[in-house]
Amino acid sequence: MAAPPVVALDFSAPDRLWLLAATAGLAVAYLLMQFRRRRDAAKFAAPALLPLLVPGKAPWWRHAVAVVFAAGLVLATVAAAQPTVPATAARQQATVMLAIDTSDSMKATDVSPSRLAAAEAQARTFIEGLPATFSVGIVTVDANPKVLVAPTTDHQAAEVALGRLVTSPGTALAEAIFTALAALPTGTLPAPAPNQAAGGSGQGQSGSGSADSTKAPAARIVLLSDGTSTTGRPDAEGIGAAKAARVPVSTIAIGTAHASVESAGQTVDVPVDPTALKAIADGTGGKFFQAATADELRQVYSDINADVTVVPIDRGVAVWFAAAALLLLLVASLTSMLRTGRVVWT
């Protein structure tokens, strides 16, 4: 029959264990008092009467109460040191990259107060609804997309960064997808097949790469844009990259068919292009939304197939030691009161 596993006890505040010295000192003081009582009695009584005044042995219950009281102090000290035991906890983990169009066309006011302001508001709503264990990153989408915030579980920092968005010329949706994919944590994406660079179908993708990806956090890209690429690689290349990485891209179209902005002293029409955004979502297995509501935004992250990982944690058990200490101290005090009418037993 196998022996039961040994629980390894650790402490968050081990420096407090020095207080055990006080309990040891109290035990020594108790023993000294037993000798002192007999010595003091011997000063005032004849040797023949000494056994009657101070019995050779104290009542057994008196020592038992002292031991129980000392044990309570030991447990209370251990509780103060915040003991922990190894344990595990299941956590949902995923990474969501928010790619927000910051091209000049997002200055259009067909969506109040502007397309960019509406995208920022929807991004905030999205982040606020994410589970706390999800990491979120932000990518700006213009002619040269860049990572504004690397994936982090500090959602407040991501929301603060949204207030720093500014517009600039050009839109490169495919480049934004590539940028978002590159920003995902190491190990999130499947390992490339050996012949991937040669354009082969990559039978190796169903091998070790796939096995590794099952251990990594799930990932998704959410693209908020008015849907028109003006530079960079074709959208089809971005779709292919996301599909190969098995990272769905959900898209949110912001804007109407009738909008314009002022550029270089001229009025330029900037109609929303939901067709391009829908193609990106359909091609990568994501979802397409137009004029997304808060409920629709919740669907995006609720449908993420988040990985549930089991992680080691230190579980605090100080409350159990404190409860045991309180119980022992109460027993010692009650026993002493019943036997002597006092909360002392010396």
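The values are calculated or read from the model by the stated rules, or taken from the named source; none is laboratory data. In this text the structure is predicted, and so the values were computed from the model without any measurement. Quick reminder, even Gly has a Cβ in these numbers, built from the backbone with ideal geometry, and neighbours come from all protein chains shown. To get the accessible areas, we keep the full protein, side chains included, count just its heavy atoms, and leave off ligands, DNA and RNA. Shrake-Rupley method; radii C 1.70, N 1.55, O 1.52, S 1.80 Å.
Touching a helix residue (DSSP H, G or I) at 6+ places or on another chain (Cβ under 9 Å), of a type outside the set (A, V, I, L, M), open to solvent by 50 Å² or more (accessible area, probe 1.4 Å) and modelled with pLDDT under 85 - does that describe any residue in region 301-314? Yes, some residue in region 301-314 is touching a helix residue (DSSP H, G or I) at 6+ places or on another chain (Cβ under 9 Å), of a type outside the set (A, V, I, L, M), open to solvent by 50 Å² or more (accessible area, probe 1.4 Å) and modelled with pLDDT under 85.
Here GLY163, GLY137 are screened, and the one residue that is touching a helix residue (DSSP H, G or I) at 6+ places or on another chain (Cβ under 9 Å), free of Cβ contacts under 8 Å to residues at least 60 places away in the same chain, over 30 Å from GLY316 (Cβ atoms) and exposed (fewer than 15 other Cβ atoms within 10 Å of the Cβ) is GLY163. Can you name the residue in region 329-344 that is open to solvent by 50 Å² or more (accessible area, probe 1.4 Å) and in contact with a helix residue (DSSP H, G or I) (Cβ under 7 Å, 6 or more places away or on another chain) and is also modelled with the highest pLDDT among such residues? The residue in question is VAL331. Residues in region 217-250 that are of a type in the set (Gly, Ala, Ser) and surrounded by fewer than 24 Cβ atoms within 10 Å (Cβ to Cβ) were compared, and the one that is nearest to LEU173 (Cα to Cα) is SER229. Restricting attention to region 91-129, report how many residues are within 15 Å of ILE252 (Cβ to Cβ), open to solvent by 10 Å² or more (accessible area, probe 1.4 Å) and part of a loop (DSSP other than H, G, I, E, B). Here the count works out to 1. When each of PRO145, PRO169 is tested for being modelled with pLDDT of 50 or more and surrounded by fewer than 19 Cβ atoms within 10 Å (Cβ to Cβ), the lone residue that passes is PRO169.
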